[in-house]
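Trainee: Sharing a structure with you now.
The values are calculated or read from the model by the stated rules, or taken from the named source; none is laboratory data. Quick caveat: nothing in here was measured; it's all calculated off a predicted structure. Every residue, glycine among them, receives a Cβ derived from its backbone with ideal geometry; neighbour counts consider all protein chains shown. Side chains included, ligands, DNA and RNA excluded: accessible areas come from the protein's heavy atoms. Shrake-Rupley method; radii C 1.70, N 1.55, O 1.52, S 1.80 Å.
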Amino acid sequence: MKEKLDLLGAVVAHVIFISSIITFSARMLFKTQPGHWIGIPILLMAFPLFYLLITAPKFERPPLYYIQVVAMLIWLILLFLVDYIFKVDFRQTQWMVISYVMLYFAGMGGMIGVASLAGRGWTISSIVLFFIAAVLAFVQRAVTGY
């Protein structure tokens with residue numbers, strides 16, 4: 001059971017990384033809307049992350065695991081609230097953008113840790129995808145301004 005949950009965590013992390021890469025690329029190519037819709041798979045990852053969180057005590061996960069999963073969940077909830085529910089245009093306010101991006105990278109970094117529980121191959125691919133997403137995040141911001 002633990003191995004299946006580790007694999008689920010790795011798959012969730014990869015979906016988040018790949019969806020981020022696609023979202024940033026779409027924003028650069030098509031502006032906000034296509035990137036907005038392409039980002040929906042990231043939001044759906046909240047469900048398996050909640051599952052991983054509630055099953056964690058059963059497998060005596062270390063405190064860092066909880067921090068990693070919770071950081072990503074907080075970012076996903078914030079993303080859902082500001083982009084999908086309230087449609088807050090915060091990306092022109094520097095302190096808000098910095099806070100949002102810091103939380104995003106904390107969650108993304110945590111996903112590397114979650115994926116690493118599934119093995120070395122998952123760890124390496126997570127790190128590669130993380131760096132691709134990170135570069136695209138900053139390039140996308142420079143190109144689009146949001």
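Trainee: One residue is enough: does the stretch 32-41 have a residue meeting the conditions modelled with pLDDT of 90 or more, in a helix (DSSP H, G or I) and under 12 Å from the mean Cα position of the chain (by Cα)?
Mentor: Yes, the stretch 32-41 has at least one match.
Trainee: Output yes when any residue across the stretch 58-68 is open to solvent by 60 Å² or more (accessible area, probe 1.4 Å), more than 20 Å from Ile112 (Cβ to Cβ) and either assigned to a loop (DSSP other than H, G, I, E, B) or in contact with a Phe, Trp or Tyr (Cβ under 8 Å, 6 or more places away or on another chain) (or both), and no when none is.
Mentor: yes
Trainee: Might you let me know whether the stretch 90-103 holds any residue that is assigned to a helix (DSSP H, G or I), in contact with a Lys or Arg (Cβ under 9 Å, 6 or more places away or on another chain) and open to solvent by 80 Å² or more (accessible area, probe 1.4 Å)?
Mentor: The answer is no; no qualifying residue exists.
Trainee: Does any residue of the stretch 37-51 turn out to be touching a residue at least 12 places away in the same chain (Cβ under 8 Å), surrounded by 15 or more Cβ atoms within 10 Å (Cβ to Cβ) and either touching a Pro at 6+ places or on another chain (Cβ under 6 Å) or farther than 20 Å from Gly109 by Cα (or both)?
Mentor: Looking for residues that are touching a residue at least 12 places away in the same chain (Cβ under 8 Å), surrounded by 15 or more Cβ atoms within 10 Å (Cβ to Cβ) and either touching a Pro at 6+ places or on another chain (Cβ under 6 Å) or farther than 20 Å from Gly109 by Cα (or both), one finds at least one in the stretch 37-51, hence yes.
Trainee: May I pose another question? Could you check the stretch 4-21 and list, in sequence order, the residues that are touching a residue at least 60 places away in the same chain (Cβ under 8 Å) and open to solvent by 60 Å² or more (accessible area, probe 1.4 Å)?
Mentor: Leu7, Ile18
Trainee: Filter the stretch 112-146 down to residues that are small (Gly, Ala, Ser) and closer than 30 Å to Asp89 by Cβ, then give me how many there are.
Mentor: 5
Trainee: Out of Phe24, Phe30, Phe86, report the one residue that is of a type in the set (A, V, I, L, M, F, W, C), surrounded by 15 or more Cβ atoms within 10 Å (Cβ to Cβ) and under 28 Å from Gly145 (Cα atoms).
Mentor: Phe24
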